[in-house]
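The values are calculated or read from the model by the stated rules, or taken from the named source; none is laboratory data. It should be emphasised that the depicted structure is a prediction, and the values quoted were computed from it without experimental measurement. Note: ideal-geometry Cβ built from the backbone for every residue, glycine included; neighbour counts use all protein chains shown. Surface areas here come from the heavy atoms of the whole protein model, side chains and all, with no ligands, DNA or RNA. Shrake-Rupley method; radii C 1.70, N 1.55, O 1.52, S 1.80 Å.
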Amino acid sequence: MSNESMTGAATPPEDALLATRDVTVDYGNRRALKETSLDFGAGTVTALIGPSGCGKSTYLRSINLMNREIEGCRIGGDVYYHGREVNNDQTDTYDLRKHIGMVFQQPNPFRKSVYENVAFAPRRHGLTDRARLDALVEKSLRAAAIWDEVKDKLDDSAYALSGGQQQRLCIARTLAMRPDVVLMDEPCSALDPIATFSIEETIRDMASHGICVVIVTHNMEQAGRVADRTAFFLLGEMVECGPTADVFERPKDQRLEDYLTGRFG
Ligand SMILES: Nc1ncnc2c1ncn2[C@@H]1O[C@H](COP(=O)(O)OP(=O)(O)OP(=O)(O)O)[C@@H](O)[C@H]1O
């Protein structure tokens, strides 16, 4: 695969689910992300790896334009979602984020019941029929592999769940909006190995249902287990991207090789 970090990359193919072209992010007058161009297909998992502070989260958050909420932050370049350029003032970011969901490092359930955590957003978007809401809640909790654990405590507070369960609940909450892209920012870093394994299974399951997953991870083994493709970032630059096995076993760039062999980071 060609290295997609090159600037001036061609306009994405019309059928690309998601793509960035020469996306940059500046916090004030400091550039945190240099021109980054990547394509993301339906049903794929892409891992973003690299040392701390190299711009992984910054890039992830540019995909659903979340950095825009940060004062002084500016996203440059083009972000394409279903072929439409969305990095402009006309985009309804509220609507965009229904389709491009996000799961954060720390589980952040609402201070509500398990049921309400999942039902809240669909109801706000007009789904009021109780039977259909019940079905959606169950389907979402099943997809996040937590239904069996919570089906008898749907009215309990989400805060009564373990950290791993809360994270799966947050994934269910995201899936309830039927997104076709899910962005995950180190979703397992606060979890033990068993909870991590469960989330990784859920990630592969989401991809098998056509969802495009982009995940920031510090855990190389995790990238190896879940990602079809891996992109390596360093000092705000997307240095190399390719099939995960190639990136780990046959790195092209010396900086990636150095990182993988523990020479820095
Ligand atoms: N809200 C912000 N305001 C100013 N600078 C920021 C902000 N968020 C991130 N940065 C800076 O942008 C650079 C990239 O940060 P980012 O969080 O994207 O890195 P990262 O690779 O995800 O790091 P980590 O693995 O530690 O989470 C860093 O130098 C960071 O200090």
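Answer yes or no as to whether THR44 is of a type in the set (S, T, N, Q) and in contact with a Gly (Cβ under 9 Å, 6 or more places away or on another chain).
No; evaluated as a whole, the condition is false for this residue.
Those residues that are under 19 Å from the mean Cα position of the chain (by Cα) and outside any helix (DSSP H, G or I), I need them from region 241-256; list them, please.
Result: CYS241, GLY242, PRO243.
Can you tell which of ARG255, ARG263 is within 16 Å of the ligand (Cβ to nearest atom), over 20 Å from THR44 (Cα atoms) and out of contact with any Gly (no Cβ under 9 Å at 6 or more places or on another chain)?
The unique qualifying residue is ARG255.
State which residue is farthest from PHE248 (Cα to Cα) when the search covers only region 57-66 and only residues that are open to solvent by less than 10 Å² (accessible area, probe 1.4 Å) and within 12 Å of the ligand (Cβ to nearest atom). If you could, list the steps in order and put the result at the bottom.
So in region 57-66, the residues open to solvent by less than 10 Å² (accessible area, probe 1.4 Å) come out as 59-60, 62-65.
From what is left, the residues that are within 12 Å of the ligand (Cβ to nearest atom) are 59-60, 62.
Working: TYR59: 21, LEU60: 21, SER62: 25 Å.
Looking at the filtered set, the residue picked out is SER62.
Which of the following residues is open to solvent by less than 50 Å² (accessible area, probe 1.4 Å), among the β-branched types (Val, Ile, Thr) and either part of a helix (DSSP H, G or I) or more than 18 Å from SER52 (Cβ to Cβ) (or both): THR202, THR230?
Going through THR202, THR230 in turn, the sole match is THR202.
For residues that are more than 25 Å from LEU260 (Cβ to Cβ), of a type in the set (A, V, I, L, M, F, W, C) and away from the ligand (no atom under 15 Å from the Cβ), scanning just region 15-52, find the one that is surrounded by the fewest Cβ atoms within 10 Å (Cβ to Cβ).
Checking each candidate, the answer is ALA42.
If I filter region 234-246 for residues that are hydrophobic (A, V, I, L, M, F, W, C) and more than 16 Å from the ligand (Cβ to nearest atom), do I get at least one hit? Working first, answer last.
If we filter region 234-246 for residues that are hydrophobic (A, V, I, L, M, F, W, C), which is where we start, we get 234-235, 238-239, 241, 245.
Retained after the next criterion (residues that are more than 16 Å from the ligand (Cβ to nearest atom)): 245.
Yes: one or more hits.
Per-residue answers, yes or no, for (1) open to solvent by 70 Å² or more (accessible area, probe 1.4 Å); (2) in a loop (DSSP other than H, G, I, E, B); (3) within 12 Å of the ligand (Cβ to nearest atom):
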| site | (1), (2), (3) |
| --- | --- |
| CYS54 | no, yes, yes |
| ARG68 | yes, no, yes |
| ASP78 | no, no, no |
| ASN88 | no, yes, no |
| LYS98 | no, no, no |
